[in-house]
Amino acid sequence: MNQPLGDAALDQLFRTARTYNGYLDTPVSNEQLEAVWELMKYGPTSANCLPARIVWCVSDESKQKLAALAMPANGEKILQAPATAIIGMDMEFYENLPELFPHTDARSWFVGNDALIEKTAFRNSSLQGGYFILAARALGLDTGAMSGFNNDAVDEAFFAGTKVKSNFISTIGYGDPATIFERSPRPAFERFNKIV
C-alpha cells in the first residue's frame, strides 16, 4: 500500500507550486527534458494510448519561430524561458495501440471514427500535459502552461507532414518569483464538490 507523501513533496507538487511568467537565467539541459518525459509517460491514459507528442523548443531559432505565432505577451515568455514545450496530440495515436495495448484489438475501436479519435486524443494529451507539469515540478523545475497562440500556424510550423495537432504550450525552467502575483483563490471542498 502506498504511503501519503510528506508536506514538502505536497508543497512542491501542489500547494506552493506556481505557474511562472518568467525564469531565472539558469539553463535546463536536454537530459532534464528527457527526465520529464521519463516520468510523465507513466501517467494513465485511455488504453495506454499516449497521444501526446512534444516538440521542445530550446534553440533561439525555434523559440523565435514559436514566439511569432503567439500573443505578444506569451511570445515574450517563450523568448525568455530556457525551453518551451509544444504539447501536441497525434490524431493517428491508435496506430500504436497494437504495441502499447496488446491485450485486445483496441486499434479497431478508432479506425474510421473521427469523433472518437479527436475526443480521445484531446482528453488524453491534456491529461499528459498535466503529468508534464507534475513531472517537471517533481524534478525541481517550474512551468508556465498557456494557450494564446495560433494553433493552425503552430501545426504548420512544427508538425507539418504529420497527423499531430497542437494542444497547448508550456514554458519550463527555474521560475523567477518576481514574475508572479499573489496566488488566485482556491475554493473550499464544499463549494465545487458533492459526495453522493
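The values are calculated or read from the model by the stated rules, or taken from the named source; none is laboratory data. Model, not experiment: these values are computed from the prediction. Neighbour counts are summed over all protein chains in view; Cβ atoms, including those assigned to glycine, are modelled from backbone coordinates with ideal geometry.
To keep it simple, each residue is scored yes or no on (1) of a type in the set (Gly, Ala, Ser); (2) surrounded by fewer than 21 Cβ atoms within 10 Å (Cβ to Cβ); (3) touching a Gly at 6+ places or on another chain (Cβ under 7 Å).
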position	(1), (2), (3)
Ser126	yes, yes, no
Met146	no, yes, no
Glu156	no, yes, no
Asp176	no, yes, yes
Glu182	no, yes, no
Arg186	no, yes, no
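If we scan region 52-75, do we find a residue that is free of Cβ contacts under 8 Å to residues at least 24 places away in the same chain, part of a helix (DSSP H, G or I) and touching a Gly at 6+ places or on another chain (Cβ under 8 Å)? So far as region 52-75 goes, yes, one or more of its residues are free of Cβ contacts under 8 Å to residues at least 24 places away in the same chain, part of a helix (DSSP H, G or I) and touching a Gly at 6+ places or on another chain (Cβ under 8 Å).
Taking each residue of region 176-187 that is in contact (Cβ under 8 Å) with a residue 24 or more places away in the chain and closer than 21 Å to Thr26 by Cα and looking for partners that are surrounded by 10 or more Cβ atoms within 10 Å (Cβ to Cβ) and acidic (Asp, Glu) with beta-carbon atoms closer than 9 Å, six or more apart or interchain, yields Asp176/Asp142.
Evaluated against (1) closer than 22 Å to Pro27 by Cβ; (2) in contact with a Cys (Cβ under 8 Å, 6 or more places away or on another chain), Tyr94 falls short on exactly one condition, (1). Once region 1-21 is narrowed to residues that are touching a residue at least 24 places away in the same chain (Cβ under 8 Å) and of a type outside the set (A, V, I, L, M), the residue that is surrounded by the most Cβ atoms within 10 Å (Cβ to Cβ) is Tyr20. So, of the residues in region 158-174 that are within 24 Å of Pro72 (Cβ to Cβ) and small (Gly, Ala, Ser), which turns out to be surrounded by the fewest Cβ atoms within 10 Å (Cβ to Cβ)? Within region 158-174, the match that is surrounded by the fewest Cβ atoms within 10 Å (Cβ to Cβ) is Ser170.
Only residues that are surrounded by 22 or more Cβ atoms within 10 Å (Cβ to Cβ) and of a type in the set (Gly, Ala, Ser) were counted in region 96-124, giving 1. Scanning region 23-45 for residues that are more than 17 Å from the chain's Cα centre (by Cα) and crowded, with 17+ Cβ neighbours inside 10 Å turns up just one, Tyr23. Within region 160-174, one or more residues are at pLDDT 95 or above and under 19 Å from Leu10 (Cα atoms). For region 6-44, the set of residues classified as outside any loop (DSSP other than H, G, I, E, B) and of a type in the set (Gly, Ala, Ser) consists of Ala8, Ala9, Ala35, listed by residue number. Residues in region 68-86 that are among the hydrophobic types (A, V, I, L, M, F, W, C) and either surrounded by 21 or more Cβ atoms within 10 Å (Cβ to Cβ) or at positive phi (or both): 7 in all.
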